């Protein structure tokens, strides 16, 4: 199957570059998209008027809403996720980390917070999904002052949860990636595209890259 842009990414609001006083704040989804193709993140910030859309946007949004609605209505727990106080669609923001985002589900326990990211995908072991959960963990710790030692990716098609341990190595990888993204955006140099041309075939930004297909 030919990879496509994250539908979640395409629905993000327009953002502007830092003016030197207010720091540049990325969306957590930018980290995931950076691993797919750095140019897409660059275009989002440096060419904010470019807002491609796809027919899959509405379908993806409705899938998440229907799933959440069913959970609330039936008051059921998901297999593989720990018990605790559940809160859906938690918006979170940190200028210190330079990150913001909306977490599908946060499970609050007495001694920890647990971010859960719902994915309409069967490949829940993908690296970009894992780093997205780690970024949510950093945001929760920074703003709510409770430890986050683990998170989960929940596959909607498979009804399966994958636990992610929030290690020091993964934390540092996310921090380095945020800095790399900021440096690229503020330097206003178009980054290289993905090594493979396969993602470019169905990319909504394809017409802006004259060195790709």
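The values are calculated or read from the model by the stated rules, or taken from the named source; none is laboratory data. Only a predicted model underlies this, so the values are computations on that prediction, with no experimental measurement involved. No Cβ is skipped: glycine too gets one built from the backbone with ideal geometry, and neighbour counts run over all protein chains shown.
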Conditions: (1) over 16 Å from the mean Cα position of the chain (by Cα); (2) closer than 19 Å to residue 33 by Cα. Residue 133 meets all but one. Number of the miss?
(1)
Working only within the range 191-207, note down all residues that are exposed (fewer than 15 other Cβ atoms within 10 Å of the Cβ) and assigned to a loop (DSSP other than H, G, I, E, B).
192, 195, 196, 197, 202
Residue 176 loosely packed, with under 13 Cβ neighbours inside 10 Å, in a helix (DSSP H, G or I), free of Cβ contacts under 8 Å to residues at least 12 places away in the same chain and over 18 Å from the mean Cα position of the chain (by Cα)
no
Go through the residues of the range 91-111 one by one and say whether even a single one is touching a strand residue (DSSP E or B) at 6+ places or on another chain (Cβ under 6 Å), closer than 19 Å to residue 169 by Cβ, outside any helix (DSSP H, G or I) and modelled with pLDDT of 90 or more.
yes
For the range 141-170, the count of residues that are within 17 Å of residue 95 (Cα to Cα) and touching a residue at least 24 places away in the same chain (Cβ under 8 Å) equals 4
Could you look through the range 112-127, keep only residues that are part of a strand (DSSP E or B) and either in contact with a helix residue (DSSP H, G or I) (Cβ under 7 Å, 6 or more places away or on another chain) or without any contact (Cβ under 8 Å) to a residue 24 or more places away in the chain (or both), and pick out the one that is surrounded by the most Cβ atoms within 10 Å (Cβ to Cβ)?
115
Among the residues of the range 138-169, how many are crowded, with 17+ Cβ neighbours inside 10 Å and in a loop (DSSP other than H, G, I, E, B)?
2
I'd like to know if the range 128-137 contains one or more residues that are surrounded by fewer than 17 Cβ atoms within 10 Å (Cβ to Cβ), modelled with pLDDT under 95 and at negative phi.
yes
